[in-house]
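Comments concern the structure below.
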Amino acid sequence: MRLFQEFTKGFIKENPVFIMALGLCPTLAVTSSVQNAIGMGLAATFVLVCSNIFISLLKGLIPGKIRIPCFIVVIASFVTIVDMVMYAYTPEIHKSLGLFIPLIVVNCIILGRAEAFASKNGVIPSIMDGLGMGLGFTLALIVIASIREILGAGQWLGMNVMPAAYIKSPMLIAILAPGAFIIMGLLMGLINQMKKKQGA
Amino acid sequence: MSYFIKLGLVLLIITAIASGILAYVNDLTKDKIAENKVKAEELARIEVLPGTAKFDKQSVILPPVQAEPNPLKKQVAEGPLEFVYYSGLDTEGNLTGYTFVASQYGYSSEVKTMVGVDTAMNIIKIKVIEQAETPGLGANAATDVFRQRFEKKQISELKVDKDGGEIVSLTGATITSRAVTNSIAAGLQILTDAVGKEEER
């Protein structure tokens with residue numbers, strides 16, 4: 001039961017983007033289309049699970065004072081290996097995800113979970129935590145990207161969903177950087193409001 | 001004191017192992033990656049010059065005057081400026097046309113375009129192979145709608161409409177449109193000269 005909670009907490013209760021406000025840089029950068037959001041979310045989930053496994057295995061060997069540089073070395077090497085192997089053996093997938101893989105190194109959700117969870121817990125809970133947080137991150141990206149793509153391009157996952165007249169002159173600001181800030185801010189506010197009501 | 005030496009040693013061991021693994025994986029994958037890059041470029045060449053069975057790599061060294069505006073900026077640092085183009089041959093060995101990569105800095109990134117032209121130097125097709133322009137504006141340069149605007153165009157028509165040319169620029173992205181158009185025009189000029197010289201010989 002506890003394991004299940006480690007898994008589900010990342011969706012809403014401790015959502016990395018909306019609640020913990022982690023990994024905002026990649027969030028703003030890739031949510032201009034739903035396709036990018038799914039790609040980035042899944043790639044980050046994969047790396048997050050793997051780095052959580054490694055860190056929870058290595059936690060006894062790493063002295064506390066130098067844990068952060070050690071985590072970064074582990075994460076960065078892991079991401080680089082994934083990048084090279086994918087480029088060599090699955091060039092098609094690498095073509096669509098390639099842009100996001102180097103970005104994952106600087107995604108602070110990965111370091112955040114290594115520091116806050118994997119370095120203090122066993123392997124199995126760390127896997128569940130990584131999976132839940134990664135999917136929560138993906139979910140948040142998809143929500144933001146859906147709003148931005150529908151408003152900014154009149155499309156969803158590349159399909160036209162708005163009338164042709166709208167697509168011709170859409171609300172371009174939604175797909176540009178300021179739109180990302182505005183939409184993310186509104187969503188965060190909405191979730192905070194909902195949490196407040198639930199608490200009261 | 002010895003505690004700090006121990007910390008340094010642990011960090012040294014971890015980074016040494018990590019770089020060892022990375023070096024090994026790099027060695028394992030680098031040939032395959034280079035091969036994939038060549039293959040991807042080959043595919044783009046076939047796309048812009050349909051009906052071609054074989055590509056011959058050719059190049060000309062540019063005189064310094066032509067270096068600006070320069071469609072292959074990156075090569076400046078790498079010694080003499082070389083313009084690489086490929087002539088395409090069909091299965092019977094007839095010349096189908098030429099391809100080259102045009103490249104120029106747009107609004108926020110280097111925009112690279114693969115261009116295919118027929119033997120009379122009319123554009124057959126173009127394909128944007130690398131760009132990181134503004135999504136929703138400049139990034140639309142990679143869409144089919146924009147690519148089709150270049151089909152059957154000649155060098156004299158290669159200017160965006162704002163500069164008095166024939167290419168209708170993208171809404172709100174004149175700079176990107178201009179980068180694509182001007183880099184193709186510059187590349188086409190060099191190609192025309194190079195092919196002309198070869199025929200004289």
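The values are calculated or read from the model by the stated rules, or taken from the named source; none is laboratory data. Here the structure is a predicted model, which means the values were calculated and not measured. As a convention, Cβ positions derive from the backbone with ideal geometry for all residues, glycine included, and neighbour counts pool all protein chains shown.
At a glance:
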item: Test result for B:Glu68, among the acidic types (Asp, Glu) and at pLDDT below 85; result: yes
item: Filtered residue count, segment A:95-152, keeping only those that are aliphatic (A, V, I, L, M) and under 30 Å from A:Ser169 (Cα atoms); result: 12
item: Every residue from segment A:164-188 that is without any contact (Cβ under 8 Å) to a residue 40 or more places away in the chain, within 12 Å of another protein chain (Cβ to nearest Cβ) and of a type in the set (Val, Ile, Thr); result: A:Ile167, A:Ile173
item: Residue in segment A:147-162 that is assigned to a helix (DSSP H, G or I) and surrounded by fewer than 16 Cβ atoms within 10 Å (Cβ to Cβ) present; result: no
item: Where B:Asp144 falls short, out of the listed (1) over 20 Å from the mean Cα position of the chain (by Cα); (2) under 28 Å from A:Val30 (Cβ atoms); (3) of a type in the set (D, E, K, R); result: (1)
item: Condition met for A:Glu92 (within 14 Å of chain B (Cβ to nearest Cβ) and of a type in the set (Asp, Glu)); result: yes
item: Every residue from segment A:54-64 that is in a helix (DSSP H, G or I), touching a helix residue (DSSP H, G or I) at 6+ places or on another chain (Cβ under 6 Å) and surrounded by fewer than 21 Cβ atoms within 10 Å (Cβ to Cβ); result: A:Phe54
item: Meets criteria (basic (Lys, Arg) and part of a helix (DSSP H, G or I)) for A:Lys13; result: no
item: Answer from A:Ala114, A:Ala37 - the residue that is in a helix (DSSP H, G or I), surrounded by 22 or more Cβ atoms within 10 Å (Cβ to Cβ) and away from chain B (no Cβ under 13 Å); result: A:Ala114
item: Lone qualifier among A:Ile144, A:Ile191 - being of a type in the set (Val, Ile, Thr), within 14 Å of chain B (Cβ to nearest Cβ), touching a residue at least 60 places away in the same chain (Cβ under 8 Å) and at negative phi; result: A:Ile144
item: Residue match in segment A:147-160 (condition: within 16 Å of the chain's Cα centre (by Cα) and modelled with pLDDT of 85 or more); result: no
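Yes or no, residue by residue, for (1) free of Cβ contacts under 8 Å to residues at least 24 places away in the same chain; (2) within 11 Å of chain A (Cβ to nearest Cβ); (3) among the polar types (S, T, N, Q):
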| position | (1), (2), (3) |
| --- | --- |
| B:Gly8 | yes, yes, no |
| B:Thr15 | yes, yes, yes |
| B:Gly20 | yes, yes, no |
| B:Tyr24 | yes, yes, no |
| B:Lys30 | yes, yes, no |
| B:Glu35 | yes, yes, no |
| B:Ala44 | no, no, no |
| B:Leu49 | no, no, no |
| B:Lys57 | no, no, no |
